[in-house]
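Taken together, the values in this text are just the output of simple stated rules run on the coordinates, not laboratory data. Everything quoted here is computed from the prediction, not taken from an experiment. Neighbour counts run over all protein chains shown; Cβ positions are idealised from the backbone, glycine included.
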Number of protein chains: 4
Amino acid sequence: MTDGIPGRGQYTEEARKLRLDWLRERTGTALASLDGSRLDARALTGNVENFAGSVEVPVGLAGPLLFTGDAARGSVVAPLATTEGALIASASRGARALTAAGGVTTKVLSQRMSRAPAFEFADIATAVRFTEWLRAHRPDLDEQVRLVSRHARLVDVDPYQIGRYLHVRFVFETADAAGQNMTTAATWQICRWVTDTLAGEDRLRPAWMMLDGNLSSDKKVSVASMLAGRGTRVTAECRIPADVVESVLKSTPAAVAKGNATLAIGNQQAGMVGSALNAVNIVAGLFVATGQDIACVHESGVSILSMEVDGADLIATILLPSLVIGTVGGGTSLPDQRDWLTALGCAGTGGSARFAEIVAGFALALDVSTTAALVSGQFADAHQRLGRAQRADRR
Amino acid sequence: MTDGIPGRGQYTEEARKLRLDWLRERTGTALASLDGSRLDARALTGNVENFAGSVEVPVGLAGPLLFTGDAARGSVVAPLATTEGALIASASRGARALTAAGGVTTKVLSQRMSRAPAFEFADIATAVRFTEWLRAHRPDLDEQVRLVSRHARLVDVDPYQIGRYLHVRFVFETADAAGQNMTTAATWQICRWVTDTLAGEDRLRPAWMMLDGNLSSDKKVSVASMLAGRGTRVTAECRIPADVVESVLKSTPAAVAKGNATLAIGNQQAGMVGSALNAVNIVAGLFVATGQDIACVHESGVSILSMEVDGADLIATILLPSLVIGTVGGGTSLPDQRDWLTALGCAGTGGSARFAEIVAGFALALDVSTTAALVSGQFADAHQRLGRAQRADRR
Amino acid sequence: MTDGIPGRGQYTEEARKLRLDWLRERTGTALASLDGSRLDARALTGNVENFAGSVEVPVGLAGPLLFTGDAARGSVVAPLATTEGALIASASRGARALTAAGGVTTKVLSQRMSRAPAFEFADIATAVRFTEWLRAHRPDLDEQVRLVSRHARLVDVDPYQIGRYLHVRFVFETADAAGQNMTTAATWQICRWVTDTLAGEDRLRPAWMMLDGNLSSDKKVSVASMLAGRGTRVTAECRIPADVVESVLKSTPAAVAKGNATLAIGNQQAGMVGSALNAVNIVAGLFVATGQDIACVHESGVSILSMEVDGADLIATILLPSLVIGTVGGGTSLPDQRDWLTALGCAGTGGSARFAEIVAGFALALDVSTTAALVSGQFADAHQRLGRAQRADRR
Amino acid sequence: MTDGIPGRGQYTEEARKLRLDWLRERTGTALASLDGSRLDARALTGNVENFAGSVEVPVGLAGPLLFTGDAARGSVVAPLATTEGALIASASRGARALTAAGGVTTKVLSQRMSRAPAFEFADIATAVRFTEWLRAHRPDLDEQVRLVSRHARLVDVDPYQIGRYLHVRFVFETADAAGQNMTTAATWQICRWVTDTLAGEDRLRPAWMMLDGNLSSDKKVSVASMLAGRGTRVTAECRIPADVVESVLKSTPAAVAKGNATLAIGNQQAGMVGSALNAVNIVAGLFVATGQDIACVHESGVSILSMEVDGADLIATILLPSLVIGTVGGGTSLPDQRDWLTALGCAGTGGSARFAEIVAGFALALDVSTTAALVSGQFADAHQRLGRAQRADRR
């Protein structure tokens, strides 16, 4: 096709320029800014096809925030890639409050990734027999997984039967990788082994299958992911004395907790998944800065937020049940991304839990600050001042 | 605080370097890649505080895809910012199928943005009276909106009472801006006017209020947004002849439709919001490339996908009910982002509807391709080949 | 078919006996209890086909509960049809607390019923044109409704387009009837009128339709019903002084509110629709006693419950957003049902709002009592004592 | 209290009359129908407090329906307690179709009941340690359960931590009982044992607890129940040849399947839990007739429905994931209820699985019939004819 994008399959700067020029001609635009990219096209195999340029997203520093967590400890500054004015200011204000309160406690509760193929059988009874067969052959499944991955470890096999269909959630631990690819490969290996092994067994074999029937909720928001966990499940909590709430957040524990309770009613009325306020701002900012799969902001942005007055203190808690993150693989080895990950102390093996806790800690800091702003009227003013710059009515 | 991030409130390259050096010293890391940023710190007021560097995300070209839509017409190439191998290849394959089928038809159905303050009253009866008063004073509300924004137009005032609390969704049309800030400003203006006007009216006045009680679902995924619309509601559809399904997608209309029906069951079992497959990959790729608020990938990634066999054809349909996008304001004026938006023909006033339709068209292309891949076993192979590069077991 | 149920289409005692004897022979069982039914078979046209006997459900009295509502005022005793021990005791305890607090305030917020046909069109553009045409012909729709019902009033026409499909929620007010049948008839009349009127209009006419595409959520639980309302939307609230919480509920305002906040987190984690505790016990008990459509317990059982400490008081609030009820039609004219409805002061025209408020008030009473029981350990003890009678391990 | 309901704690006919007379005087109504009750007040301990009368609900026969299930086999007639005209006619029509197709295949997939207490700890770390301790003491938990119940068997202990709170789902198999009471007693026993055992262990002990934090979703509709199962999880399926669809249902496999696909989109747009049509009509009708806990209609009415064309056949499938039922205990020993249960062949031990399959089979029959009616226009006509009797505009 003459209209096709040129340089197909080529990972070179030359091919990139070719594509960019082709796009310029096609659209009649100068695209002057896109000439310069500091990325090395040759290093992008596995990350992007038809590479034509890049996009530079500004990164600001939020914090510092004191962590007294499990994997995250000490004072941390978070690089947030964003174009939303007021976000970093608000996160930093929250961080000041949590730090003054003695720091935020964080903890990774689990890490898992899943694929959920769907099988169709001749009838209900065959699906039931297959389920039993699968359960009995768990060691074989483990062995198949080992054939394709050193890191993936099969930790759960959950069958969900609906009529003659069977959806099976294969759940893996994938160490410091987000793990979608290794999970896909391992599950596919299992599927092929199952199909081959049962080819002649009419009383057991699937009549049809697809690699995923959406019960994995890959790249989707679902209650299943909030319950079963998908990616890293992490929680953060902080007890903030009244004087800190007053001096830093310009509010009171009772007012902030009342705001949170009011949000909870709004959530329920709206049919929200979880009960977030704006934790996803932190998720997105850290995901982009550190080379996470940005599309996973969709599923990773879910959270459950709660606040409680205890004596003179405000206790604020957050759960991020499905943070799809990794500190190896994907975009984490790109130069800027790697640097920001390094600045966080999370690069490479072992970094994933710390990264998750940092996300949770800053998410809590932001949501505490935003709740206080919403109940005290500071929210609109801050966005007026920081989000619109000199230009009125900007967006 | 000596530990604070330096250069507070300064939007200069000098301040940026100061912060970067401070971070280097603090973390004991070289952060070599972060020296070079092509962004002008002075232009970032309104986008980011504590600017310290940037992150360069690779952009690949997907398509071309033929549009026969309302605002999007002709052949379009989509710049997708991503680090997920195989994504662009799959979207391009889907685009080939839809193009060979005669193009994808797209249509923006509505555009709206909302804020939903929560008011507490002395009792249920006062909340009821206030609701009636608010309804009777609609012209005054319109006038208050005009005081703070030329572009926001109040189109709906939806009250939701729960006991003595009243959550009110103020719904606006905001032209080509995503509109969160102008919606916030307009609603805040209304709230202050209401409070001032009713200050002495004990039978009507709110006892307490907060600017948003989460019924707006700002930065959250909720069924309310899927129903009422938040941002741009856009749909896309394509009738694909069997021979195209076979030659391009290596499947059949019946097999792809069966795959979609199987996914629908998985969705329901999982308690998913909507029935997406992986449309959010397109949302994220285009959002990052064009300077949208990346955190809005969370709420914008929801979609409803369906497929049907009609005669010898496959008809594929998608709805994106809550695409929070703008072509003015926010990050859209940053250099790379503006260029990519220009390449799409969507920069500036009037571009928003076209942009929404392009997102929907490519989302449909990707989901058609992915469904075909899932039922035919190509999915795992493609991710093995394109997503893992030379390194085995990469993520 | 010789195996068929005898007496088809006959509403007589003779036919009933015939069926019962047939069933006895078929199943080889005595079914001795079923001989006696006080129901008059001739009066059951419109209520049940193949009438063969009845089932007697015990009714206990809960309360009294003092109402200071809009339609419900004064002391009310509620007849609850139930077989769950401890339920009436717990509801009565809650009623004592709310009565001692000065009574429960209740208010019906809206009443509406809907049908939502789905139309398929040739393409997206035709669906859009149809939507505009429908909007322009609203007076004609009103006229069609008047042709089939004196009571139904069309109050809203909400279109939801997804590709070439259009789901339209036709929303009606139906006075004291639950209104599903009149809504169905009116919507069907509209559908036929639309189809006839547009028969020759290729640029407008539906290619296919079905009477309901499930957006009405008839007999289903959905967030749409919680938001838009389906049936009667009613709220109740009570401010309970600390001494009443202590003396009647054996707890404290702080403990009960903490329990409610903990439940709210559980709800969110579970992906619950709304945030009920066990309000549905009241819904079911009153529905069965008064001849409501018992299947509607499914959709009517949704509620949003919240509690708050204010000074020394506990304020408890409930919203029942989708109570599908009527005080005319359906089973409300059966003898026992009519009597219980009369005892509530809700029989016939004008009774529906009072009935809704009574449901809400007792639901709040029960949930307050249950929350107190859950936090203080009384719950298990009460069910042990009242729910299991003399027999250990009964269910 | 002089205004109190008389005869407190007395289970006698005399006390019943006393209450009824008191109610008559109080409300100034005759309540003539309520004199006669065939129920023996003395047998109602454990079922109802303040017994004052009863309500007689008409029962009609639906079917026969041929079962080729696991526990349900042969031709079955279902007694449905209902006041909704057309319901039994429609269910019977569906039953004719499924029977002509060779019968409906049914299968119980699991049976379980749960309680989910919430524990608060001093901090996140203590909650983590407690979780590990609980896991290590599983044999002790089993022992505690045995102390209070012979039938309950603890099959799962699922911890969900959110900050310093821990919700634990204790999951039991409860044989033929619905099991809420034995589950409550067993969980309460565990809670007390845990509290006693850890009383002196500051590094492990809960600071606060409540018996259920709503993660059990007892008497609520949640995705958690749809996923994890609550009560009996049962599925039904039938392959219906085209000629049967045409002759009995007056439609075609393609039209019915298209109707189902259209409903699925409506479900997703509405934010429905599951994808039911009106299966709950069967659930309610059988629950009331057989003495199930009627309030459980709320949670038990959830279902997932799907239909598919396969060759010339229509394959229809349903899943009822959370049918809270029992054939011993509760209202199942009341005279009419016991008789209807006996007529179904489900009374007593071993009957629960058969009962669940009968519900699923008839639910599928009804939903197949209703879908066909909705796409062919028969729905409105049937409700006009059978649901409104001689009176026009009845409800």
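Computed quantities for the displayed model
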| read-out | value |
| --- | --- |
| Size-normalised alpha-carbon gyration radius of chain C, reference 2.2 N^0.38 Å | 1.13 |
| Stokes-Einstein D (µm²/s) once Rh is taken as the Kirkwood radius of the protein assembly as shown over alpha-carbon pairs, at 25 °C in 0.890 mPa s | 75 |
| Placed amide H near B:ILE162: partners under 5 Å, 5+ positions off or other chain | B:HIS167 |
| Per-residue mean of C-beta atoms belonging to partner chains within 10 Å, peptide C:245-254 | 0 |
| Under-5 Å amide H pairs with A:MET272, H placed in peptide plane, nonlocal only | B:VAL223 |
| Packing-based order for D:206-212, C:357-363, A:314-320, B:310-316, using average beta carbon neighbours within 10 Å, highest first | C:357-363, A:314-320, D:206-212, B:310-316 |
| Inter-site label distance for B:ARG150 and B:ASP21 at 7 Å from Cα along Cβ, in nm | 4.3 |
| Shielding by partners - mean other protein chain Cβ count within 10 Å, residues of D:164-176 | 2 |
| Whole-Hz ³J(HN,Hα) from phi, Karplus 6.51 cos²θ - 1.76 cosθ + 1.60, for the stretch B:337-349, glycine and proline x | 4, 5, 5, 5, 5, 5, 4, 7, x, 10, 5, x, 4 |
| Packing-based ranking, highest mean first, of D:266-272, C:189-195, D:372-378 given that Cβ atoms within 10 Å are counted | D:266-272, D:372-378, C:189-195 |
| In Å, descending, principal axis extents of the Cα set of the stretch D:207-297 | 65, 34, 19 |
| ³J(HN,Hα) computed for each position of the stretch B:72-77 - Karplus, 6.51 cos²θ - 1.76 cosθ + 1.60, integer Hz, glycine/proline x | 9, 9, x, 7, 10, 10 |
| Mean residue ellipticity (222 nm) of the protein assembly as shown, computed from DSSP H runs ≥ 4 via -39,500 (n - 2.57), nearest 500 | -13000 deg cm²/dmol |
| Loop-located GluC sites (Glu not before Pro) in the stretch B:136-220 whose Cβ has at most 15 other Cβ within 10 Å (DSSP) | B:GLU201 |
| Vicinal HN-Hα couplings computed from phi for the stretch C:199-204 (Karplus, 6.51 cos²θ - 1.76 cosθ + 1.60; Hz; Gly/Pro x) | 3, x, 9, 5, 7, 10 |
| 0 to 90° range, to nearest 10: angle between helix A:124-136 axis and chain A longest Cα axis | 80 |
| Sequence-distant residues sharing a close amide H with D:SER110 (under 5 Å, placed H) | D:ARG233 |
| Between the stretch A:158-225 and the stretch B:66-95, the Cα center-to-center distance that results, in Å | 29 |
| Rounded tilt (10° steps) of A:138-148 against the dominant C-alpha axis of chain A | 80 |
| Under 28 Å between alpha carbons - lysine pairs in chain C that sit 8 or more apart or on different chains | 4 |
| Kirkwood Rh and Cα Rg combined as Rg/Rh, the stretch A:1-113 | 1.20 |
| Inter-chain Cβ neighbour average for residues B:109-118, partner chain, 10 Å | 2 |
